[in-house]
Amino acid sequence: MNQKRIHQAKEVLTIAIVWMLLTFLYVYVKFNDIPDLYLAEIYHMKPGLSKADLYRISFFVSLPIGFVFAWLHTFVYPTIDRTQSLLFNIGIRLCIFFLIAVVVFYALSFMNNDGGEHGVEFSSTMVSGPVLNILIYTLLIENLIGVFILLRRSLGINFFLNTITNTYRNPKEEERVMMFLDLENSTPMAEKLGHLTFSRCLQDCFLELSHVAIAHGGEIYQFVGDEAVITWKVSGRFNYWKCVDLYFNYMKQLRAKETVFLQKYGCVPVFRCAIHAGVVSTALVGDYKKEIAYHGEVLHLCSRLRSVCKEHDAHVLISGAFRASAAHVTQYISQSVPLLELKGIKGPQVAYRIREGA
């Protein structure tokens, strides 16, 4: 299972568990201080129903509902968000929510009428009371989860958690791999397509990049114009070559959609990249607009390597430090490229031009 599937599975499981826990919280707040003997009298439940029974019912109801909404948030809503307006998104989500609520309500009512041992009596007198309260509460849960996922997708997979835990309130040194990915011939392409069409082209390119980056365990640090910066935190037995794999798989993904790009933009985008590894400082910067920022010579050198890719006829340039850290592989062929002068870099450097093997 690749990293993208793992990420999606974790997201689905997390959302389902959050649904279950927040449902338990509702049962606790609503019923915890009421003796079991009075539950049936106060809330029109079947005699003999205890708080333990309510938790069991909540578990078997909330977990399947949580998985349904998790599947929607992970696989359905993102596609709608990219193609439809805000009002349409809100409308379709509300319709789906109330449709699921009605199905669950009548399913539980049917089970209760069938003589379940610990069923809840859904009489018409409850519609204006407990059922309405539960409906409002579950709608609130769904909205909060939606906001959380929106922030997580907008700010990055780990940014939200690192911000909450204040991980980088003080700068920390980390071993990281940095990749600078740049669109080739972007200026003539922008002149040919016009700025709006060119921006739509970049949207399509970076959408594909986001999927490929997750599949290879990369974090997208920044989008800067027609350039993307991707990073990996090095730990344990880190596979350095998966960073190179990302580039070639990304190019294959763009070529697989060659017909679509030609129809929409009259060209197929091609990117060049540089990859470097080393120690960077990581810090949370800003106040009203926070960002996790990376600083250090690693970023500087990687940027310079990316800028000389074209003049050395290289689609991928890796630094000597990256190559020294990576184990030998057979699927790639490397050729040394002496770099006597790089702007702002002291001393000569040796990079390696990478291409796929036969």
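Comparing Ile65, Leu37, Gln8 along the charge dipole axis of region 1-78, the residue lying farthest to the positive side is Gln8, per the Cβ-charge model.
Taking region 314-333 and a reference point 7 angstrom along Cα→Cβ of Glu184, the backbone N atoms nearer than 17 Å belong to 314-318, 333.
In this simple spin-label model, placing a label point 7 Å from the Cα along the Cα-to-Cβ direction at both Gln222 and Asn133 gives a separation of 5.2 nm. Derived scalar couplings between HN and Hα for region 222-229 equal 8, 10, 10, x, 9, 10, 10, 10 Hz in order, rounded to whole Hz, by the Karplus curve 6.51 cos²θ - 1.76 cosθ + 1.60 (θ = phi - 60°), x for Gly and Pro.
Within a straight-line Cα-Cα reach of under 16 Å, Lys30 can be paired with the following lysines, leaving aside sequence neighbours fewer than 8 residues apart in one chain: Lys51.
Between Lys346 and Val329, the simple label model (points 7 Å from Cα in the Cβ direction) yields a spacing of 3.3 nm. When the helices of the chain are scored as -39500 (n - 2.57) per DSSP H run of n ≥ 4 and the total is divided over every residue, the value at 222 nm lands at -18000 deg cm²/dmol. Taking other C-beta atoms within 10 angstrom as a stand-in for reagent exposure, Trp71, Trp19 fall in the order Trp71, Trp19, fewest first. Using a cut-off of 31 Å between Cα atoms, the listed pairs Lys192/Lys310; Lys242/Lys343; Lys242/Lys310; Lys252/Lys290; Lys10/Lys310 include Lys252/Lys290; Lys10/Lys310 as exceeding that distance. Can you give me the Cα centroid spacing of region 194-263 and region 65-104 in angstrom? Here the answer is 27 Å between Cα centres.
Read the figures in this text as sums done on the coordinates, not as results from a lab. Values in this document were obtained by computation on a predicted structure and should not be read as measured data. Every residue, glycine among them, receives a Cβ derived from its backbone with ideal geometry; neighbour counts consider all protein chains shown.
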